[in-house]
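The values are calculated or read from the model by the stated rules, or taken from the named source; none is laboratory data. Remember, predicted model here, so these are calculated numbers, not experimental data. Here the Cβ is made from the backbone with ideal geometry for all residues, glycine too, and neighbour counts use every protein chain on show.
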Amino acid sequence: MNIPALAIHGGSGTAPSSIRDKKIKKMYQNALEEALYAGFTLLKQDYTALESVAKAVSVLENCELYNAGKGSVFTADGQHEMDAAIMDGKTFEAGAIAGIQGIKNPVMLAKDILHHTPFVFLSGSKAMEFAQLQGFEIHPPSYFHSQYRYDQWQAVKGSEEVKLDHSKGDYKFGTVGAVAVDINGNLAAATSTGGMTNKKWGRVGDSPLIGAGTYANNTTCAVSCTGYGEYFIKGVAAYDVSCRMEYSGVTLKQASNDVIHKRLKELGGEGGLISIDSQGNISMPFNTEGMYRGMMNDEDFFTGIL
Ligand code: ASP
């Protein structure tokens, strides 16, 4: 048993060509390290797994390299529409938002939904009303503008092409997530994303959907997914990991591997996930070229890209 423990991801896919540049690679890695330290420090100070995953995800949302918060991709009409979710494995309470704009840390808004509403999932402009009531600042589009994301959008703008951060080419990685177990053995998961470049019609991926991209249950595991969202939705991927553990009695590792390497592949999808159980076991499978990921407990510290 090695608790507390924290695992994070920064999206799965193929590394952008710029990652071959050592300096840029280091920047991606530094952000992962910062997120791990921030989230793990809370766990060491007896904060809950829920607080830890929210903190780790918010650090990555503040880094423009990742497709969440500040670094969110552009929609077909040049906006940033963000999705996020958080779930407490002890209480099964959850909060989620989809299609929101101007919020620096969508995961914190999801956490406020969990704590301060009788609801689980809020969307669009009405969710923004709740955000303002809760005192969230609405940031201008310029806060979310980055040349890198703008160029990605320009490359497909006006076409029917919808680019995942995971598609072939320079569009890989980005969605962020965290899973944690605290010193009381409680689990939590959180995921945050800008979705897909050039998305339209209010497209929402798996990230904010409880059971698809995000799930936590103390008796099994906490899971955060990244990849081609539509397939994770069809496969109810995060919940599938939990179900395999609960109903078939398989280990976290086996359940996580089967979902990514068998089930998701059968459905035609690509991506990865991070998962953790109440013993502090961690699994981080992906069926893409790579996945930004990292973990930390009292004995181990790891960050990886490919
Ligand atoms: N799963 C996310 C979505 O489909 C994208 C990602 O993981 O990068 O919106």
message: If I ask for residues that are of a type outside the set (Asp, Glu), surrounded by fewer than 24 Cβ atoms within 10 Å (Cβ to Cβ) and away from the ligand (no atom under 14 Å from the Cβ), which ones from the stretch 218-251 would you list?
response: Asn218, Thr219, Thr220, Tyr239, Cys243, Arg244, Met245, Tyr247, Ser248, Gly249, Val250, Thr251
task: Output the residue which, of all residues in the stretch 86-121 that are out of contact with any Phe, Trp or Tyr (no Cβ under 8 Å at 6 or more places or on another chain) and among the basic types (Lys, Arg), is nearest to Ala35 (Cα to Cα).
output: Lys111
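The rows are residues; the columns are (1) under 15 Å from Tyr215 (Cα atoms); (2) free of Cβ contacts under 8 Å to residues at least 24 places away in the same chain.
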residue: Tyr239; (1), (2): yes, no
residue: Glu246; (1), (2): yes, no
residue: Gln254; (1), (2): no, yes
residue: Leu267; (1), (2): no, no
residue: Gly271; (1), (2): no, no
residue: Ser278; (1), (2): yes, no
residue: Ser283; (1), (2): yes, no
residue: Asn287; (1), (2): no, no
field: Filter result for the condition that a residue is surrounded by 23 or more Cβ atoms within 10 Å (Cβ to Cβ) and on the phi > 0 side of the Ramachandran plot, over Gly39, Gly11, Gly99, Gly78
entry: Gly11
message: Contact list please: Cβ distance under 6 Å, first residue in the stretch 214-228 and over 16 Å from Ala180 (Cβ atoms), second residue surrounded by fewer than 24 Cβ atoms within 10 Å (Cβ to Cβ), pairs at least six apart or on different chains.
response: Gly227/Glu270; Tyr228/Gly269; Tyr228/Glu270
query: Out of all the residues in the stretch 177-188, is one or more touching a strand residue (DSSP E or B) at 6+ places or on another chain (Cβ under 7 Å), at pLDDT 95 or above and within 14 Å of the ligand (Cβ to nearest atom)?
result: yes
- request: Answer yes or no as to whether Glu137 is acidic (Asp, Glu), touching a Lys or Arg at 6+ places or on another chain (Cβ under 8 Å) and surrounded by 22 or more Cβ atoms within 10 Å (Cβ to Cβ).
  value: no
